[in-house]
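Worksheet: the structure to be examined is printed underneath.
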Amino acid sequence: MTSSTAGLYEYPNRAPYSAAKWALIGLMKTLAMKLGPFGIQANVICPDAVEGPRIEGVLAREAAVKGMTRNDVYNGYATSMRSFATAQDIANMAVFLGSEAARLVSGQTIAVDGHTENPDPKV
């Protein structure tokens, strides 16, 4: 399943979105417990911001509203690894979870986000 880091942390001003993402995690936990005896794994991948036109639009709109540059807004969003995930990063995790290497990985919520906390954007 795919949720979002909004299912892991608070998400001010977007309660319905966050609630839906938390619900997916709960559903996955239940499926993992119920289907595990049949050898079926259930996990959730939680991306944060993913590179592409959508997040670039978010950055541009927020920069315009706040009177900031796109890069200043980006620094507030960027993770401790200083980049957004790519669609390929998300796909790579899905392929791993479907592989024999992950045969005992079940009931897990896996963030693919480069670490979402960025306490000091200057670092």
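The values are calculated or read from the model by the stated rules, or taken from the named source; none is laboratory data. Keep in mind that what you see is a predicted model, and the values were worked out from it rather than measured. Note that each Cβ is placed from the backbone with ideal geometry, even for glycine, and that neighbours are counted across all protein chains shown.
Among the residues of the range 1-22, count how many are out of contact with any Lys or Arg (no Cβ under 7 Å at 6 or more places or on another chain), among the hydroxyl-bearing types (Ser, Thr, Tyr) and either assigned to a loop (DSSP other than H, G, I, E, B) or more than 22 Å from Ala87 (Cβ to Cβ) (or both). Show your work before the answer.
Just the residues of the range 1-22 that are out of contact with any Lys or Arg (no Cβ under 7 Å at 6 or more places or on another chain), to begin with: 1-2, 5, 8-22.
Cutting the leftovers down to among the hydroxyl-bearing types (Ser, Thr, Tyr) gives us 2, 5, 9, 11, 17-18.
Filter again for either assigned to a loop (DSSP other than H, G, I, E, B) or more than 22 Å from Ala87 (Cβ to Cβ) (or both), leaving 9, 11, 18.
Total meeting the criteria: 3.
What's the number of the condition Gln41 fails, among (1) surrounded by fewer than 17 Cβ atoms within 10 Å (Cβ to Cβ); (2) within 20 Å of Ser99 (Cα to Cα)?
Gln41 satisfies all of (1) surrounded by fewer than 17 Cβ atoms within 10 Å (Cβ to Cβ); (2) within 20 Å of Ser99 (Cα to Cα) except (1).
Going by what's in this entry, would Lys34 be described as within 20 Å of Gln108 (Cβ to Cβ), without any contact (Cβ under 8 Å) to a residue 24 or more places away in the chain and among the charged types (D, E, K, R)? Show your work before the answer.
Details: within 20 Å of Gln108 (Cβ to Cβ): yes; without any contact (Cβ under 8 Å) to a residue 24 or more places away in the chain: yes; among the charged types (D, E, K, R): yes.
So Lys34 passes the test.
Just to be sure I understand, how many residues within the range 54-109 are of a type in the set (D, E, K, R), under 16 Å from the mean Cα position of the chain (by Cα) and surrounded by 11 or more Cβ atoms within 10 Å (Cβ to Cβ)? Outline the logic, then answer.
Just the residues of the range 54-109 that are of a type in the set (D, E, K, R), to begin with: 54, 56, 61-62, 66, 70, 72, 82, 89, 100, 103.
Adding the requirement that they be under 16 Å from the mean Cα position of the chain (by Cα) leaves 54, 82, 89.
Filter again for surrounded by 11 or more Cβ atoms within 10 Å (Cβ to Cβ), leaving 82, 89.
So the count comes out to 2.
Of (1) out of contact with any Pro (no Cβ under 7 Å at 6 or more places or on another chain); (2) within 30 Å of Glu100 (Cβ to Cβ), Tyr9 satisfies all except one. Which?
(2)
Does Gly39 satisfy the condition of being touching a Lys or Arg at 6+ places or on another chain (Cβ under 8 Å), at pLDDT 95 or above and not acidic (Asp, Glu)? Step through it out loud before you land on a result.
On the way: touching a Lys or Arg at 6+ places or on another chain (Cβ under 8 Å): no; at pLDDT 95 or above: yes; not acidic (Asp, Glu): yes.
The answer is no for Gly39.
If you take just the helices (runs of 4 or more DSSP H) that sit entirely in the range 30-123, which of them hold at least 2 residues that are of a type in the set (A, V, I, L, M, F, W, C) and over 19 Å from Ala6 (Cα atoms)? Break it down stepwise before answering.
Details: elements: 53-66, 70-77, 87-97.
Per the criteria, 53-66, 87-97.
Is it the case that Tyr9 is surrounded by fewer than 17 Cβ atoms within 10 Å (Cβ to Cβ), modelled with pLDDT under 95, within 27 Å of Tyr74 (Cβ to Cβ) and within 11 Å of the chain's Cα centre (by Cα)?
Working: surrounded by fewer than 17 Cβ atoms within 10 Å (Cβ to Cβ): yes; modelled with pLDDT under 95: yes; within 27 Å of Tyr74 (Cβ to Cβ): yes; within 11 Å of the chain's Cα centre (by Cα): yes.
In short, yes.
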